[in-house]
1. For the range 165-170, what does the Karplus curve 6.51 cos²θ - 1.76 cosθ + 1.60, with θ = phi - 60°, yield as ³J(HN,Hα) per residue in whole Hz, taken in order and with x for Gly and Pro?
2. Round to the nearest 10 and report in Å² the accessible area of Glu91, as given by a 1.4 Å probe over the protein chains' heavy atoms.
3. For Gln284 and Ala195, FRET efficiency with R0 = 30 Å and r from the beta-carbon atoms, rounded to 0.05?
4. For the pair Lys233/Ser250, report the inter-label distance in nm, with labels modelled 7 Å from Cα in the Cβ direction.
5. When DSSP assigns beta bridges and you keep just the ones with both residues in the chain, what percent turn out antiparallel, to the nearest 5?
6. Just want to confirm a number: the relative contact order over the range 224-302, from Cα pairs under 8 angstrom separated by 6+ residues, in percent.
7. Going by alpha carbons, how many degrees (0 to 90, nearest 10) lie between the helix axis of 225-242 and the longest principal axis of the chain?
8. Classify the range 89-238: rounded, prolate or oblate, from the alpha-carbon gyration tensor (a ≥ b ≥ c, eigenvalue square roots; a/c under 1.5 rounded; otherwise prolate if a/b is larger than b/c)?
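The values are calculated or read from the model by the stated rules, or taken from the named source; none is laboratory data. Computed from a prediction, not measured in an experiment: that's the story for all the values here. As a convention, Cβ positions derive from the backbone with ideal geometry for all residues, glycine included, and neighbour counts pool all protein chains shown. The protein model used for the area step is the full one, side chains on, heavy atoms only, and it has no ligands, DNA or RNA in it. Shrake-Rupley method; radii C 1.70, N 1.55, O 1.52, S 1.80 Å.
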Amino acid sequence: MGQADRPPSDVTTEVDGRVLGLTNLDKVLYPATGWTKAEVVSYYLQVAPTILPHVRDRAMTRLRYPDGVRYDEPREERGGTTPPPGGAFYEKNAPAGTPSWVPRQRVGTSDGVIDYVVVDEPATLVWLANLAALELHTPQWTISSGTVDDDGVLDLPGDEPRAGEPLADRVVVDLDPGAGMGIVETARAALLVAAVLAEDGLVPVPQSSGSKGIQVYAAVAPCRSRDAWAYTKRLNATMARRHPDFFVASMSVEQRRGKIYVDHHQNLAARNTIAPYSLRGREQPSVATPVSWDEVGAVTGPDDLRFSPEDVLDRLAEHGDLAQDLLEQDRPPLPPAPVG
């Protein structure tokens with residue numbers, strides 16, 4: 001592309017009636033491929049109709065890369081707990097200069113009150129893309145299911161039930177491969193986990209993390225985050241008991257070597273997971289992509305469930321939203337905890 005063919009670096013645009021100033025559009029955010037901020041903005045604008053139903057009504061944590069993606073070794077970040085390299089940072093509070101039309105929700109946490117951004121329209125996605133917010137992470141609970149106090153704060157729940165606490169409407173099984181395990185083994189683990197979820201009356205939905213991991217989601221009737229956590233904790237123990245040579249129940253790095261850990265902690269109210277169709281901050285532009293169970297069963301190599309933004313847009317045109325089951329209104333209840 002010649003200099004005269006390139007889009008201007010700074011522009012003012014309008015998205016559904018919202019006027020936005022976009023800056024440094026020619027800035028390269030993925031140096032390995034030359035992918036620019038303009039391409040990030042374009043992807044999020046195109047995927048907006050599909051991603052918005054999965055993230056609206058949820059507190060949004062962003063992983064921003066103001067200096068672009070700089071990874072020596074790509075790795076998984078789970079729930080905003082692992083510090084990213086290269087000047088990237090997790091952002092929970094709405095930044096200075098947040099437009100007045102962007103919804104926000106104050107949430108009381110163990111770290112104090114956080115002023116979260118809520119993403120409910122395409123313009124907000126474009127605004128975040130302009131801030132180099134490549135990754136979008138959300139919790140399993142919804143804002144509207146809870147009750148705010150007189151100061152407009154929605155308090156996260158603790159161990160004990162509390163009237164008005166926000167409720168989870170999905171569970172997530174985050175399959176964490178230990179050393180020596182890759183996407184082939186993780187895909188097998190996803191199939192085994194899906195069988196147990198189906199036994200429990202849930203509809204499992206697989207998602208490639210954009211690296212070597214897989215998450216398995218399932219929509220559930222609104223429930224306490226603690227109950228969702230307890231259910232997946234039991235699932236962790238079940239998988240380790242049924243398949244001791246393949247799954248491990250311990251978080252110990254050494255014990256997880258050569259095995260798959262079912263990370264149940266992502267269901268806690270204070271945690272979050274990568275949103276469906278979010279970009280990932282990897283060396284190559286990749287996307288956390290809902291996939292079919294046929295695709296999971298057919299995995300034979302490390303790149304079988306790795307999709308570029310262009311791939312994802314083509315997949316949406318061909319297949320629609322493969323995570324549509326997470327949006328169904330008729331949701332099965334969590335199985336009750338065993339007695340005794």
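1. Once rounded to whole Hz, the list reads 6, x, 10, 7, 10, 7.
2. Surface open to solvent at Glu91 totals about 20 Å².
3. Numbers: r = 32 Å, r/R0 = 1.07.
With R0 = 30 Å, the Cβ-Cβ based efficiency is 0.40.
4. In this crude spin-label approximation the distance works out to 1.9 nm.
5. Working: 46 of 51 bridges.
Expressed as a percentage, antiparallel bridges in the chain total about 90.
6. Values: 73 pairs, mean separation 18.0, N = 79.
Once divided by the residue count of the range 224-302, the mean separation gives 23 percent.
7. Approximately 60 degrees, to the nearest 10.
8. Details: a/c = 2.31, a/b = 1.39, b/c = 1.67.
In terms of gyration-tensor shape, oblate.
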